[in-house]
Every structure is written in structure tokens, then in C-alpha cells.
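Student: Here you go, one structure.
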Amino acid sequence: MASSSMLKLNAASSSWIAGHQSFNQRPGSAGPLRSRRVSVIRAGSYTDELLKTAKSIASPGRGILAIDESNATCGKRLASIGLDNTETNRQAYRQLLLTTPGLGDYISGAILFEETLYQSTTDGKKFVDCLRDENIVPGIKVDKGLVPLPGSHNESWCQGLDGLASRSAEYYKQGARFAKWRTVVSIPCGPSALAVKEAAWGLARYAAISQDNGLVPIVEPEILLDGDHPIERTLEVAERVWAEVFYYLAENNVVFEGILLKPSMVTPGAEHKEKASPETIAKYTLTMLKRRVPPAVPGIMFLSGGQSEAEATLNLNAMNQSPNPWHVSFSYARALQNTVLKTWQGRPENIEAAQKALLVRAKANSLAQLGKYSAEGESEEAKKGMFVKGYTY
């Protein structure tokens, strides 16, 4: 059971959140907090374990490898190197990644798709055991994808709350110790108040259910790169979204010390005429985080969102040039895998070279987490952007 001291956790966070006014509230109207109190966040049976898991993932010089692409998306990746989208090929690729010797030196957690969580190597060793042997925490994607949001500006909402508690309990039994739920916000589409509120509420309900079943929730409202807007507009939307997210996290009694965040970096839209430097991106991103994220949160694990491998690493490095209130690290998919996939080409004789390519990228981001990365010697492949308009995961 959780220690009694946990009953005092988030006192500062609750005070912080009590001052937040939902952006949906009309100026001059009676605030929603006048008629209800912010609840005291209660300790649960998994609280001590949640804190331990979150701390392990948010450990110095390490970050998250995201390989939780749906079967359809994984199929697109395989097709890019001429492979059919079969379970055998998906298993072979993920075995290459998860059995890389020394991966745990740089990677603290791996987000898996449900299929992968239950798979084993061709030698019969469970993938979750491969991860544990490298001191890597197994994680699981739990959302059921995006669908159109009626009444919005052609926006989406994330489904998957139905049955989430029972699925989470089964994932825990299988060895998962953290979870991921990705919803998105589109700046060109507004975003509408409805879409932002739906994203925040869904993330909060998911987070509460995950913690109740022993899984540290990664909270991910991805602000898509699509659009030609300036960086100032991204900052405005990001502050709006994260204010709403933390309001509802508090309303749902989520223990802030037992969550991780997976935000987008604050950048200009991908089609904006001027690119921002890593220093500018770091300045705007850290400004947003310091305004919105309580220091009780242990880790910020950035998504790459279509940036090139080198860009994602440079931007992370710029954010770690001075101390932060939280562990500032990475949770990358394409920005760790792109060169690996192209090196492998589906050929057994290329496995070792592909694994070395993974370690190169993992080490680069490990150094960036420590603020010690240099882009000198980066390959041209690593500098190629991977933005896809309207990208689906």
C-alpha cells in the first residue's frame, strides 16, 4: 500500500490548479470552481510503485523508444523498404530493435503496440523480458485511435476509454508498467474550445484509470506541426491546451508525481516561411512548460513529430543547457528509427549494422538529455525532415 506521506502529495499542485480558470469560461461569469472544491489527491494501492516507475524512466541520460505504431502504420514503414505488412515481418523488425545489446544505457522505457507486448523472439524469449534484462521499462499504447469529432472544425477526438480498466489490468499482468494515450490538436483547424476540452478530459480520464491499474500514464496532447503559423501562435495554443489538461488531471485526482508528459516542442508550423533555431525553440518551449507544468511532474519526454533525427536531437540539447524543474528528455519514434530501418532493409545480414545505427541515435539523444550533444559528424540521412502532412500514427 502507499505510504501515508502520499496523502500530502500535490498540495502545491492543487493550489496551483485552483487558480486556473478554464478557457471555456466566459469573462465575468461565475467560475466553475465557485461551486466545487478541488479534490485532495488520494494515495492509491499502486502509488509507491508509480513513483518508482516514473523515476526510473526519468533517469539521467535516458529516454523512451516509441515503437507503438499501429499495424497499418508499421506496414507503411515496412513498405518503404519493400517488405510486406505481415506479423512475421513486424516481429522481425521489433526483435531487431528490442534485442539491441547495450540499448539500456540510453533507453529507459519502450512503448509497445499490443501485438508486440505479447510477442517473443524467434528463440522464444518474451520481448518484455528482453527489455527488463536491459533495465528498460515496458510500456503499452492503450488508446484506440482518432475519429472525427462531431460539432468541431473538422477536428478529431481519441477513443479508447471503454474497457480501458480491464485492458490495463491485463497489460500490467503481461509486464507493462506505463501507458501511452495520444490525442492531437490542430492549429489550422482552430483549435476549437470543444476539441481542446475533449482532448484534455480524455487524457485525464485515461490517466486516472491507468494509475488505478498500476500503469504510469504518459500524457500526450500532440499539437500537430501542420500549418504555416509562426512560433508565437504555437506557444499560445500550447499554453491553452496544457492549462486545460492540468485542470482536468487535478479534477480526476491524478497523482502528478506518477505521470510523464509527452508534449510537442513549440516550433513554427512546418510550412512557415522561417525556420526557428534550436535556441529559439528551446526558449519558447521552456517558457510554455514553466508557465503550465508543476515541478511535481518527474519527466518531460518530447515527441519528435516529424522533425529530422538531427533536428530533434539538437532541439532537445538546447533545452538542457541549464537546469530544469523536471527531467527533460525524449520519447521518439521516427527520430530514432528512420536510419535503422533504411540500414536494415529487411536483410538478416544487416541486423548488426542496423542495431549499431539505433545505438548511434540513442546515444546522441542521451547526450542531448545531458546537454552535451554535438551535431558534428551527423549523416545527411539524419538531417532529412520526416514531416508528413496529416500524419496518422
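The values are calculated or read from the model by the stated rules, or taken from the named source; none is laboratory data. Because the structure is a prediction, the values reported are computed rather than measured. Positions of Cβ are backbone-derived with ideal geometry, glycine not excepted, and every protein chain shown enters the neighbour counts. We work out accessible area using only protein heavy atoms, side chains counted, and drop any ligands, DNA or RNA first. Shrake-Rupley method; radii C 1.70, N 1.55, O 1.52, S 1.80 Å.
Student: If I filter segment 167-207 down to residues being closer than 15 Å to residue 49 by Cα and open to solvent by 10 Å² or more (accessible area, probe 1.4 Å), which single residue comes out as farthest from the chain's Cα centre (by Cα)?
Tutor: 173
Student: Give the residue, chosen from 143, 162, that is without any contact (Cβ under 8 Å) to a residue 40 or more places away in the chain, under 23 Å from residue 70 (Cβ atoms) and outside any strand (DSSP E or B).
Tutor: Going through 143, 162 in turn, just one is without any contact (Cβ under 8 Å) to a residue 40 or more places away in the chain, under 23 Å from residue 70 (Cβ atoms) and outside any strand (DSSP E or B): 162.
Quick grid of which residues meet (1) open to solvent by 30 Å² or more (accessible area, probe 1.4 Å); (2) part of a loop (DSSP other than H, G, I, E, B):
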residue	(1), (2)
270	yes, yes
301	no, no
314	yes, no
335	no, no
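Student: Sticking with this structure for a sec: Given the criterion outside any loop (DSSP other than H, G, I, E, B) and at pLDDT below 95, identify the matching residue among 116, 73, 88.
Tutor: Checking each option against the conditions leaves just 73.
Student: In segment 49-70, what count of residues is obtained for those that are assigned to a helix (DSSP H, G or I), surrounded by fewer than 20 Cβ atoms within 10 Å (Cβ to Cβ) and within 17 Å of the chain's Cα centre (by Cα)?
Tutor: So the answer is 2.
Student: Check off (1) free of Cβ contacts under 8 Å to residues at least 60 places away in the same chain; (2) part of a strand (DSSP E or B) for residue 169 and give me the number that stays unchecked.
Tutor: (2)
Listed here are the residues, each with its yes/no results for (1) among the aromatic types (Phe, Trp, Tyr); (2) out of contact with any Pro (no Cβ under 9 Å at 6 or more places or on another chain).
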{"position": "191", "(1), (2)": "no, yes"}
{"position": "195", "(1), (2)": "no, yes"}
{"position": "201", "(1), (2)": "yes, yes"}
{"position": "208", "(1), (2)": "no, no"}
{"position": "221", "(1), (2)": "no, no"}
{"position": "224", "(1), (2)": "no, no"}
{"position": "228", "(1), (2)": "no, no"}
{"position": "235", "(1), (2)": "no, yes"}
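Student: Considering only residues that are farther than 23 Å from residue 194 by Cβ and surrounded by fewer than 20 Cβ atoms within 10 Å (Cβ to Cβ), which ones fall in segment 135-149?
Tutor: 135
Student: Sticking with this structure for a sec: For residues that are of a type in the set (Val, Ile, Thr) and over 17 Å from residue 178 (Cβ atoms), tally how many sit in segment 211-255.
Tutor: Total meeting the criteria: 6.
Student: For segment 241-268, give me each residue that is outside any loop (DSSP other than H, G, I, E, B), closer than 13 Å to residue 222 by Cα and either open to solvent by 10 Å² or more (accessible area, probe 1.4 Å) or not aromatic (Phe, Trp, Tyr) (or both).
Tutor: Keep residues of segment 241-268 that are outside any loop (DSSP other than H, G, I, E, B), which gives 241-251, 256-258, 260-261.
With the extra rule that they be closer than 13 Å to residue 222 by Cα, the set shrinks to 241-242, 245, 261.
Answer for segment 241-268, where residues must be outside any loop (DSSP other than H, G, I, E, B), closer than 13 Å to residue 222 by Cα and either open to solvent by 10 Å² or more (accessible area, probe 1.4 Å) or not aromatic (Phe, Trp, Tyr) (or both): 241, 245, 261.
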